[in-house]
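Chemist: One structure follows; several queries about it will come next.
The values are calculated or read from the model by the stated rules, or taken from the named source; none is laboratory data. In this text the structure is predicted, and so the values were computed from the model without any measurement. Glycine gets a Cβ as well: all are built from the backbone with ideal geometry, and neighbour counts include every protein chain shown.
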Amino acid sequence: MTSNEVLISIDVETSGPIPGEFSLLSIGACAVDDPDKQFECYLQPITEAYDPKALEVSGLSLDELRRTGLTADVAMRRLEEWVRSVADESSSPVMVGFNAPFDWSFINYYFHRFLGRNPFGFSAIDIKAYYMGVAGSSWHDTRSSVMRKALNASLEGDHNALHDALAQAELFRLVRQRHPGPRG
């Protein structure tokens, strides 16, 4: 990592497994190395489709979000503004996620659909794959419960997007501390 990269932990809660057919319902984010810099928002659903298990896990209500959530364009504009406040013009924001392919698919889709651009470009780091590579673990041992125990993490996710973003940022910091690589 160069000094002009700003790592941003992002977690999402959704109404189902894929963007477009299902909705992004909440976004939580924090700067990995300065977790007091935080972002959180809830979105109005853009489709009526939902997987009951997804809503059960998150505890979110589509009816409530239709009334209280931000429209997708406003939410993504606010997220972009926050990302740019954390990573200024001289910095490159890099998304960090726990099972990043899932979260990235929604973040990327929503940015492009509603703003026509993504401030992350195509930059995302998957914590599970990173840990597997540096720790030499199996994929099975990249489960958050296993990683938390191995790294003595203090935060635990609870399917609140901001809480999960904070917990995964801690995991990423701990992996880097334990396995610093060439920059260490």
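Chemist: How many of the residues making up the stretch 32-57 are under 16 Å from Pro19 (Cα atoms), among the aliphatic types (A, V, I, L, M) and buried (at least 17 other Cβ atoms within 10 Å of the Cβ)?
Modeler: 4
Chemist: What strands (runs of 3 or more DSSP E), lying completely within the stretch 1-87, carry at least 3 residues that are modelled with pLDDT of 95 or more and closer than 19 Å to Phe122 by Cα?
Modeler: Details: elements: 5-14, 24-31, 34-42.
Those strands (runs of 3 or more DSSP E) span 5-14, 24-31.
Chemist: Here is a follow-up. Counting only residues that are closer than 13 Å to Ser61 by Cα and of a type in the set (Gly, Ala, Ser), which one in the stretch 17-43 is nearest to the chain's Cα centre (by Cα)? Full working, then the answer.
Modeler: First, pick out the residues of the stretch 17-43 that are closer than 13 Å to Ser61 by Cα: 23-26, 42-43.
Still in the running and of a type in the set (Gly, Ala, Ser): 23, 26.
Working: Ser23: 15, Ser26: 10 Å.
So, considering only residues that are closer than 13 Å to Ser61 by Cα and of a type in the set (Gly, Ala, Ser), the one nearest to the chain's Cα centre (by Cα) is Ser26.
Chemist: Enumerate the pairs (first residue in the stretch 115-126 and farther than 25 Å from Thr71 by Cα; second residue anywhere and part of a loop (DSSP other than H, G, I, E, B)) with beta-carbon separation below 9 Å, excluding pairs fewer than 6 apart on the same chain, so at least 6 apart or on different chains.
Modeler: Short answer, once both residue conditions are applied: Asp126/Phe98; Asp126/Asn99.
Chemist: Restricting attention to the stretch 92-107, does a residue exist that is assigned to a loop (DSSP other than H, G, I, E, B) and not basic (Lys, Arg)? Spell out the reasoning first.
Modeler: Quick first cut of the stretch 92-107, residues assigned to a loop (DSSP other than H, G, I, E, B) only: 98-99.
Restricting the remaining residues to those that are not basic (Lys, Arg) gives 98-99.
Looking for residues that are assigned to a loop (DSSP other than H, G, I, E, B) and not basic (Lys, Arg), one finds at least one in the stretch 92-107, hence yes.
Chemist: Mind checking whether some residue in the stretch 97-108 is over 14 Å from the mean Cα position of the chain (by Cα), over 12 Å from Leu43 (Cα atoms) and crowded, with 20+ Cβ neighbours inside 10 Å?
Modeler: Of the stretch 97-108, the ones over 14 Å from the mean Cα position of the chain (by Cα) are none.
Checking the stretch 97-108: not a single residue is over 14 Å from the mean Cα position of the chain (by Cα), over 12 Å from Leu43 (Cα atoms) and crowded, with 20+ Cβ neighbours inside 10 Å.
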